[in-house]
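S.K.: Sharing a structure below in structure tokens format, with a few things to ask.
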Amino acid sequence: MRPIRTPQRQLVQLALHYSVNLPHRTLSVTGADWSAADGIDPTLSPRPLVFVDLPAGRPVIPVAVELPAGKVVLLYERLAELTSQRVRHLPPTYPSDSNPADTRKYWEWYAQNYSARTAMKVLEDGITCRCAGRAPTTPESTRGPRSGAATSTACVSWAR
């Protein structure tokens, strides 16, 4: 018998550990109701384990990832870069004021040019440090988010 060491199995083991030993740090969010997250402090250790159930077809936009050493990598810059290469124009500048029309125009660019494949590549690269200007250091990290996924914290935004 050989142990099964896949990202899916690691997630199941992590979820079981949290549900048995840390139920107060486990959270499930469905749809637009994030009120359950109000009482959880993400700065405390261990980090909360949050399961998000999104409606089908809802795009996920990677924003940032915190690596195990504490470094934060901004993923939205890489997403804009890769997306603009594909569609041949840059996104508008993020509005500095709180004008809803300008903010809507900014996010519409992402909605119109969204690619799930590009978003997943940016997220996986961010977790494995590729978009942080460093080459992967282990053979496992060249195959996807296996090496850092269990200990990285990803921040994503869900477009409406």
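S.K.: Please specify each residue of segment 1-27 satisfying the condition of being part of a loop (DSSP other than H, G, I, E, B), open to solvent by less than 100 Å² (accessible area, probe 1.4 Å) and of a type in the set (A, V, I, L, M).
M.R.: Narrowing segment 1-27 to residues part of a loop (DSSP other than H, G, I, E, B): 1-6, 22.
Remaining after also requiring open to solvent by less than 100 Å² (accessible area, probe 1.4 Å): 3-4, 6, 22.
Matches in segment 1-27: Ile4, Leu22.
S.K.: Residue by residue through segment 1-19, note down the ones that are in contact with a strand residue (DSSP E or B) (Cβ under 7 Å, 6 or more places away or on another chain) and within 22 Å of Ile127 (Cα to Cα). Before the answer, list the steps.
M.R.: The initial filter retains those residues of segment 1-19 that are in contact with a strand residue (DSSP E or B) (Cβ under 7 Å, 6 or more places away or on another chain), namely 14-15, 18-19.
Once the filter is applied, which keeps residues that are in contact with a strand residue (DSSP E or B) (Cβ under 7 Å, 6 or more places away or on another chain) and within 22 Å of Ile127 (Cα to Cα), segment 1-19 yields Leu14, Ala15, Tyr18.
S.K.: Restricting the first residue to segment 1-20 and requiring it to be within 14 Å of Pro48 (Cα to Cα) and free of Cβ contacts under 8 Å to residues at least 24 places away in the same chain, which pairs with a second residue that is open to solvent by less than 60 Å² (accessible area, probe 1.4 Å) and outside any helix (DSSP H, G or I) meet a Cβ separation below 6 Å and a spacing of at least six or different chains?
M.R.: Close Cβ pairs satisfying both conditions: Ser19/Thr26.
S.K.: Out of the residues in segment 34-47 that are assigned to a helix (DSSP H, G or I) and touching a strand residue (DSSP E or B) at 6+ places or on another chain (Cβ under 8 Å), which is least open to solvent (accessible area, probe 1.4 Å)? Let's see the steps before the verdict.
M.R.: If we filter segment 34-47 for residues that are assigned to a helix (DSSP H, G or I), which is where we start, we get 35-39.
When the remaining residues are screened for being touching a strand residue (DSSP E or B) at 6+ places or on another chain (Cβ under 8 Å), the result is 36-37.
Values: Ala36: 56, Ala37: 32 Å².
For segment 34-47, the residue satisfying everything is Ala37.
The values are calculated or read from the model by the stated rules, or taken from the named source; none is laboratory data. Keep in mind that what you see is a predicted model, and the values were worked out from it rather than measured. Virtual Cβ from ideal backbone geometry, glycine too; neighbours counted across all protein chains shown. Side chains included, ligands, DNA and RNA excluded: accessible areas come from the protein's heavy atoms. Shrake-Rupley method; radii C 1.70, N 1.55, O 1.52, S 1.80 Å.
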